[in-house]
Amino acid sequence: MADTPETETKTETETIEEAPDVTRSGMTRWIVLLVVLIGVGVLVHLSRGYLTETAGSRGEQGRPLVAVPAIGGPFTLTDHNGKQVTEKDFHGKNMLVFFGYTFCPDVCPTTLTDISEAMEKLGDDANKVTPVFITIDPARDTPEYLKEYVEHFDPRMVALTGTPEQITAVAKAYRVYFAKAAQEKGADADDYLMDHSSVSYLMGPDGAFKIHFSHGTKPDILAQRIRENL
């Protein structure tokens, strides 16, 4: 049985009263301070390995760059032509990365259409960008199916699939959430939807994160922001 509020309050009070007064000992006080300082130092050291600087985040008055969780990283996948590729195959060009799946009824085709229109608006600058569509549904999105799918969008678009383990790894690297949606009882096992993040990432020629775009960003704005970050 859970404790009542009165019992919890009494227990906390008794614990405080029975605890030794460490502030009465100068030696104990310095030991506690030393432990705290060591703990802070360890956290700072670990955070430096986990955080990265966001490009273009320095303010007009020279404020420090804002630290955000690292986005992107190494991957090994298969493109829509059946060729194995890694992140190194895209070095030297900006990648506009979006995660989705071909059976998606609205968000994915809408986003890929907006990306394709933005590529047209970029003109010659579009040659510096490779749109990359990574499926989060490798069971159905085979290279053959992806090849047929991307024909409806910008011709420079590269579609990638892989094993479930490879897709999970690259989604984790890009901080992307995905999961199979619950099905109605008796529904066809192959007829399902996927829940997933709907963010597009612009990655630099060195593979570093530059800027992200939310679903629904208009092609004009996409093209403008991409050009600003080339």
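Below are the figures for this structure:
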{"read-out": "Residues satisfying the stated conditions in segment 202-216, i.e. surrounded by 13 or more Cβ atoms within 10 Å (Cβ to Cβ) and not in a strand (DSSP E or B)", "value": "G204, P205, G207, A208, H215"}
{"read-out": "Condition check for T102: polar (S, T, N, Q), in contact (Cβ under 8 Å) with a residue 40 or more places away in the chain and under 21 Å from T217 (Cβ atoms)", "value": "no"}
{"read-out": "G72 in a loop (DSSP other than H, G, I, E, B) and of a type in the set (G, A, S)", "value": "yes"}
{"read-out": "Residues within segment 216-225 that are touching a residue at least 24 places away in the same chain (Cβ under 8 Å) and in contact with a Phe, Trp or Tyr (Cβ under 9 Å, 6 or more places away or on another chain), tallied", "value": "1"}
{"read-out": "Criterion: over 14 Å from T130 (Cα atoms), of a type in the set (A, V, I, L, M, F, W, C) and modelled with pLDDT under 90 - qualifying residue of A189, A208", "value": "A189"}
{"read-out": "Residues within segment 185-201 that are aliphatic (A, V, I, L, M) and either in contact with a Ser or Thr (Cβ under 8 Å, 6 or more places away or on another chain) or part of a helix (DSSP H, G or I) (or both), tallied", "value": "1"}
{"read-out": "Residues of segment 183-214 that turn out to be touching a residue at least 24 places away in the same chain (Cβ under 8 Å) and among the charged types (D, E, K, R), as a count", "value": "3"}
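To keep it simple, each residue is scored yes or no on (1) farther than 20 Å from I211 by Cα; (2) assigned by TED's automatic domain parsing to the domain that holds H212; (3) without any contact (Cβ under 8 Å) to a residue 40 or more places away in the chain.
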site: F90; (1), (2), (3): no, yes, no
site: L96; (1), (2), (3): no, yes, no
site: L112; (1), (2), (3): no, yes, no
site: S116; (1), (2), (3): no, yes, no
site: L160; (1), (2), (3): yes, yes, no
site: K172; (1), (2), (3): no, yes, yes
site: K180; (1), (2), (3): yes, yes, yes
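A quick yes/no check of all residues on (1) surrounded by fewer than 20 Cβ atoms within 10 Å (Cβ to Cβ); (2) touching a strand residue (DSSP E or B) at 6+ places or on another chain (Cβ under 6 Å); (3) of a type in the set (A, V, I, L, M, F, W, C); (4) closer than 20 Å to E87 by Cα:
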residue	(1), (2), (3), (4)
L146	no, yes, yes, yes
Y149	no, no, no, no
T163	yes, no, no, yes
A181	yes, yes, yes, no
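The values are calculated or read from the model by the stated rules, or taken from the named source; none is laboratory data. Small disclaimer: the values here were computed from a predicted structure and weren't measured. Here the Cβ is made from the backbone with ideal geometry for all residues, glycine too, and neighbour counts use every protein chain on show.
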